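Following: one structure in C-alpha cells, then a few remarks.
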Amino acid sequence: MFKKKVPLFYVLVSAVIGCGIAWFIFSVVSRSGTGRPDSDELNADTNGEANYRIQRNARSYKFISPILSVEPINESVKYAALKNSIQEFIDKEKQGGRLLSASVYVKDFRKGEWMAINPKEIYNPGSLLKVGVLITYMSMAEGHPDYLKKEITYHGEPGFVFPVEHYRSDTVLEGHKYTLDELLGFMIRNSDNRATVYLENYMDTTIFKQEFADLGITEPRFNDPTYSLNVQEYSMMFKALYNAGYLRRNASEKALELLSESNFKFGLLKELPANVVVAHKFGEAGNQTMHELHESGIIYLSSNPYMITIMTKGTDWDRLSDDVGHISRIVYDQMSASGDESASYKSSGAK
C-alpha cells in the first residue's frame, strides 16, 4: 500500500481554516472566561453599534447583583443639536457675568440615551442631599411597615445656626407632634432645614453612608462646605429610584411620589406647562456674593419620560432661576416633540 499525495493547495486551505477555527474558539473563551472585563460594559448588539455601561449595586451580595442604571457609554448623537442649543444659551448667559458656570445632564429613560454639558465641574449640592436622607429612611423602614408612622415631638437644637435660605417655605414648629412621614414631607415638599436636621440626627448614618457607596457617589461629609459633586454623580440618586434597583418597588414609588409634590416652582418647572408631572428636588448653596442653584428631577412625559439635572453658579439668584428654567424648557421642547405629546409648546428662544 502506498499513501496518495495531497496537493499543496488543499494543505494550505486546511491550514487557513484551522487557524480561523482556533481564533474563533479563543475569542469566545476570552469573552466568557478570564478575559472578560471587570466592568459591566457590554456590547448592545451583534453589529457593534453601541456599548453599554451597566452600574450595579456595589454591595457584596452572595447570589444577586442589582442593576441601578444602564446607559450607552457614549453620548447619543441624536442629542447633538439639543446639546448645541443649550451650550449656546449658556455661553450667551455667561457673557453677562451673572452666570459663571452651568452643567447639564439629560437621560431619556425610554432608550437610555443621554447627553452632558460640563460634566466634570463640581458644585456644593446643598439641599439636593435631602434626597439621600429620604432614601435612607425608606431603607430603614423596609421590613417595618409602621416605622414611618412613629410620632415624635419636635424640639430644635438650642444654638444651632441654620444656613441662610434664599428660597423659604413652611417649617416644622417647636413643640408640635409629627410622624416621621410628616417630617419627610416637610423636608422634601418644603425643603425644610429644621425637619432635615432632626431627621439627620436620628437616622442610621451607617445606612446613609453605605447608600452613597452603593450608588457610586462621593461619601457625604456633614457640615463640610467643601463637599462637592458633579452633575452625573448626583443623577444616580434619581436613576436608582426610577429603576427601583436600590429600594424595593413600593419604597421607590413612594419616594418619587413625595418628590413629585415638591412646591418649588422656580427652577425646572418655571417654563413648563402646569399639567406636567415632575418628581424633583432643588438645592442652593453659596454666600452673599457667590450663589449656587441646582435642581434634578424626572419629567413624566407619557411617551418619553426623562431625567434632567442642572447645576449652576452665579451672582444673581433670579438669573440662576431663569437659567435653570429656560434650560429645562429647551429640553422639554425637544423631548415632547420627539414623543406623542403636543409639540405646540415651542421655545421661542426668548426668556
- Task: Provide the per-residue ³J(HN,Hα) series for segment 191-201, in order, calculated from phi with Karplus coefficients 6.51, -1.76, 1.60 and θ = phi - 60°, each as a whole number of Hz, with x at glycine and proline positions.
- Result: 6, 6, 6, 5, 5, 5, 4, 4, 5, 5, 5
- Entries of K92/K270; K130/K209; K149/K265; K130/K150; K254/K281 with Cα pairs more than 25 Å apart: K149/K265
- Query: Once phi is turned into θ = phi - 60°, what whole-Hz ³J(HN,Hα) does the Karplus curve with 6.51, -1.76 and 1.60 give for every residue of segment 226-236, x standing for Gly and Pro?
  - Reply: 8, 5, 8, 9, 9, 5, 6, 4, 5, 4, 4
- Item | Share of pairwise Cα separations in segment 46-135, more than 19 Å, in percent | 61
- Item | FRET efficiency, 1/(1 + (r/R0)^6) with R0 22 Å, evaluated for R59 and N243 via beta carbons | 0.90
- Task: Give me the number: length gained by fully extending K111 to T205, i.e. 0.36 nm times residue separation minus the C-alpha to C-alpha distance, one decimal in nm.
- Result: 30.3 nm
- Message: For K78, give me every one of the aspartates and glutamates with a C-alpha distance below 19 angstrom, ignoring sequence neighbours fewer than eight places off in its own chain.
- Response: D45, E49, E88, D108, E113, D333, D340, E341
- Message: Can you give the Rg/Rh ratio of segment 119-194, where Rg is from the C-alpha atoms and Rh is the Kirkwood radius?
- Response: 1.01
- Item | Å² per residue, accessible surface of segment 280-337 at 1.4 Å | 25
- How many nm separate the modelled label positions at L100 and V197, each set 7 Å beyond the Cα in the direction of the Cβ? 2.6
- Message: Whole-Hz ³J(HN,Hα) for each residue in segment 175-190, computed from phi via Karplus 6.51 cos²θ - 1.76 cosθ + 1.60 with θ = phi - 60°, x for glycine and proline: what do you get?
- Response: x, 8, 8, 9, 7, 4, 4, 5, 5, 4, x, 4, 5, 8, 5, 9
- Message: What is the sum of charges, Lys and Arg at +1 and Asp and Glu at -1, for the other residues whose Cβ falls under 10 Å from the Cβ of M311?
- Response: -2
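Which of the peptides 260-272, 317-329, 202-214 is most tightly packed, and how do the rest follow, going by the mean number of other Cβ atoms within 10 Å of each residue?
Taking the mean over residues of other Cβ atoms within 10 Å, the ranking is 317-329, 260-272, 202-214.
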- Note on the structure: proj_area_mean for segment 196-351 (convex hull on C-alpha atoms), units nm², value 10.3
- Message: Leaving out ligands, DNA and RNA, and with a 1.4 Å probe, what % of the accessible surface on segment 174-303 is carbon or sulfur?
- Response: 46
- Item | 5 angstrom amide H check on L68, placed H, neighbours 5+ away | Q55, R56, N57
- Across the alpha-carbon set of segment 109-151, Rg over Rh with Rh taken as the Kirkwood radius works out to 1.20
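The values are calculated or read from the model by the stated rules, or taken from the named source; none is laboratory data. Just so it is clear, the model here is predicted, and its values are computed rather than measured. Counting neighbours? That spans all protein chains shown, and the Cβs are built from the backbone with ideal geometry, glycine included. Note: accessible area is taken over every heavy atom of the protein model, side chains too, but ligands, DNA and RNA are not part of it. Shrake-Rupley method; radii C 1.70, N 1.55, O 1.52, S 1.80 Å.
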